[in-house]
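Participant: Can you read through this structure? Questions will come right after.
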Amino acid sequence: MQLRSELAALQLSVQRAQTGAEAASAQATTRVREQAVQIDQQTVTLSRRLDALAATLTTLTARVEELGTRVEALNRQVRTATPSPTRPGPAVSAPAPTGGTPAAPAPPAAPALSPGAKPATGSLGPQDIYQAAYIDFSKGSYALAIAGFREFLRRYPEHELADNSQYWIGECNFSLARGYANAGQQERYLQSLELAVQEFKKVVANYPRGDKAPTALYKEALALLELKQPGVAQTRLQYLVDNFPQAEETQLARERLAALKEK
């Protein structure tokens, strides 16, 4: 009886130990899962922050370009406003003399432009057209901006700002897509994303050595991800990493590639 009692007590201790081990294992599994969820959440948060930083960098770059074009425009205005030594001064009306032949009337002055009027497009230089299109973009007038940048490319396809113009056309379509998404217009959202991909591709195809090529590649990959084409996006990101190792967007591309390969 004593042995049976001791055996029963031992079996009870074993059962308690097994129960404790199972509980500890379940707790450990729960903790591992919670940590995995936290890591995933932190990864998503970091990715969003990186995207926000990339967008901020793009905005700052655009502002620098805008300031540069404004400075150049002001310099041209100063040069234009400075009268040349041989330029005649403005005609001054004078009363006709009391006798003799009356003075010839002064030629009519050119009509002044209203405050919101623009000069004829034929008189605009490349910097003027580019600046006007960029101002439309900065105001959110994306359709006008696209038309302005296309006009710039039509007139000056070999200009140093041609790659920038092509890039901003893609950026306009990307911004339009975001607006359609916020408005719940799914069809227009997808159409604008596809147009953005096409326009970003033209930057790399037509201006492979331009400053905007790496940025266009990264933005093209982001648009492809929104179009649910991760395979194509991964290919473009890898192209960016391989061909532009020193670009600012390359590190972002590496992190995106790592996240895509883990899925």
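Every number here is computed from the coordinates shown, using simple stated rules; none is lab data. Predicted, not measured: the structure shown is a model, and the values here were computed from it. Reconstructed Cβ throughout: ideal geometry from the backbone, glycine too, with neighbour counts over all protein chains shown.
Participant: Work out, step by step, the length gained on full extension between residue 6 and residue 159: first 0.36 nm times the residue separation, then minus their alpha carbon distance; give nm to one decimal.
Facilitator: Result for the pair: 45.5 nm of gain on full extension.
Participant: Determine, from the Cβ-Cβ distance of residue 39 and residue 188 and an R0 of 45 Å, the FRET efficiency 1/(1 + (r/R0)^6), rounded to the nearest 0.05.
Facilitator: 0.80
Participant: Neighbour counts of other C-beta atoms within 10 Å: give me 25, 138 arranged from fewest to most.
Facilitator: 25, 138
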